[in-house]
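Below is one structure, written out as structure tokens; comments come after it.
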Amino acid sequence: MSEISRNGGGDGGQSGRIGIGLELDEVHLKILEVLRENGRISVAALAERVGISRANAYTRFEALRADGAIKRFTAEIDHVRAGLGITALIFVTVRQQMWKQFRAELARMPQVEYCAITTGQHDAMIQVRVSDVAEVHTMVTDRLANIPAVKATETVFILDEVLRRPYVLPSDRARPARRPAQQTQGEVPLGKMRFVGAAEGRATLHKEG
């Protein structure tokens, strides 16, 4: 696999290593960028977007899957249309000797979309998606509060999900920042100075002199 990754049509340097034996180069990253936009794209279209042959695209795609860089393909749904219009973050303080119980109880809660162990004031963050606010209240007061492993909770409701990416890539940081919109002639941005060339005011200075 490493031989395919090094010599299989890449035109840039290697930016990292993933899994065991597969070198992640710029072409691999470009493939992952395209798949982020459309995970159901055909191999022919993928090859055209990346700028490599169809055989090369197929080989690289299968290598990414075999190496574990691509874990699985799944659908992205509209949670509101699916009847889950309320999203909340529940921060949990866990009794340190009872983590095993906390994990086991959490796995039995179908409302939980995501859970992460965190640093800071709390020990874990749970993201839930439910149909209404009452369901969040029930989950916190009836379910979580009755788990001996849970010492305290703090709930925050999400008002608007401004940005959600399927995943980020190292190549995202390499993109140049967008240039600011060009100023119209004569317009001076606030806090900046406007310099006038000598030719613009030369005639006026001669007349005044």
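Identify, from the list Ile20, Ile4, the residue that is at pLDDT below 95 and assigned to a helix (DSSP H, G or I).
On the way: Ile20 fails: assigned to a helix (DSSP H, G or I).
So the residue among Ile20, Ile4 that is at pLDDT below 95 and assigned to a helix (DSSP H, G or I) is Ile4.
Condition check: out of contact with any Pro (no Cβ under 6 Å at 6 or more places or on another chain), modelled with pLDDT of 95 or more, among the β-branched types (Val, Ile, Thr) and farther than 20 Å from Asp172 by Cβ. Does Ile77 satisfy that?
Working: out of contact with any Pro (no Cβ under 6 Å at 6 or more places or on another chain): yes; modelled with pLDDT of 95 or more: no; among the β-branched types (Val, Ile, Thr): yes; farther than 20 Å from Asp172 by Cβ: yes.
So Ile77 does not fit the description; no.
The values are calculated or read from the model by the stated rules, or taken from the named source; none is laboratory data. Because the structure is a prediction, the values reported are computed rather than measured. We place every Cβ from the backbone using ideal geometry, glycine too, and count neighbours over all the protein chains shown.
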